[in-house]
């Protein structure tokens, strides 16, 4: 068979052109989504608050400028994610991110994040199974993702938020042991620590136990989509312990760094994984920083960050259209080449700037 080099070159070029512009091929095959509960946009973008920080905490967290303060608080977020990805939610730079559910607390926020729908029926933190199908469950119903999704949460309500019995993928939360690893010494130890550790909160352990359980699962089972929710930022805030709140935010950032470096060291994840980092709600201002909910309307304000091979490195977004919590689910699916919004029209639309996809206008990247 004769090969015509010019024809081959033309076909290859045509496959890279869309609307007259050459754009890169879609690369994301794996997504890891981390949330940390109730971390305010104020600390994320400005670092420690001068009106809340105590003298004993100033050495660790206070710096002269907001840029220095936020970097010392969350060095990985600002030195890597904000440089190589995108972060939304700095109201001082005309970049607004918000919840749309109107309740501004956890279960409604997690439902909105995970389903893309602000459901008025989700109006409490009670342990009721979610009637809505999350984007994780929707993906799990597809052959390409069957058996390749897992979720981990510090809060023991997550089996209900994700409707674990119906969803069909592993959901490990609260103090529950991680089953299915009888000869894994690391998971056996983590399970024992969950059982033996002192309990400051009855509904969740410290984040380190949840994080390391998720990390061990990641190394052993290599899911295509992994969800991880941390809780200490919200717990310490409700307790009014600002220093511990800052330290838990700093640990969340360190966990993110460890997670990303682990992903880049693994052949299955290197160069094909997108990281999403977000929160479920904001908090009040000034003395009301410990609270959130309908009585604190400013607690609707959140933040979100994305980094991966299909996300242009636009950094800290400024002077952009507002984004909302209900857009994260469709954005996650689109990063994997799936169209969640078309399947669930009530959900928010994907955030276009987060995704570079050669098939975007052909509706093949979600």
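Quick look at the numbers
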read-out: Set 284, 348, 271: member being buried (at least 18 other Cβ atoms within 10 Å of the Cβ) and either touching a residue at least 24 places away in the same chain (Cβ under 8 Å) or outside any loop (DSSP other than H, G, I, E, B) (or both); value: 348
read-out: Filtered residues of region 206-248 (kept if within 20 Å of residue 41 (Cβ to Cβ) and under 14 Å from the mean Cα position of the chain (by Cα)); value: 229, 230, 231
read-out: Top-ranked residue of region 250-259 - restricted to ones that are within 14 Å of the chain's Cα centre (by Cα) and within 21 Å of residue 45 (Cα to Cα), ranked as surrounded by the fewest Cβ atoms within 10 Å (Cβ to Cβ); value: 257
read-out: Members of region 90-127 that are assigned to a loop (DSSP other than H, G, I, E, B), out of contact with any strand residue (DSSP E or B) (no Cβ under 6 Å at 6 or more places or on another chain) and more than 21 Å from residue 331 (Cβ to Cβ); value: 102, 103, 120, 121, 123, 124, 125, 126, 127
read-out: Residue check, residue 143 in contact with a helix residue (DSSP H, G or I) (Cβ under 7 Å, 6 or more places away or on another chain), modelled with pLDDT of 95 or more and surrounded by fewer than 17 Cβ atoms within 10 Å (Cβ to Cβ); value: no
read-out: Hits in region 43-67 (condition: under 19 Å from residue 277 (Cα atoms) and either outside any helix (DSSP H, G or I) or in contact (Cβ under 8 Å) with a residue 60 or more places away in the chain (or both)); value: 43, 44, 45, 47
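The values are calculated or read from the model by the stated rules, or taken from the named source; none is laboratory data. As the structure is a computational prediction, the values presented were derived from the model and not from experiment. Positions of Cβ are generated from backbone atoms using ideal geometry, with glycine treated the same way; all protein chains shown enter the neighbour counts.
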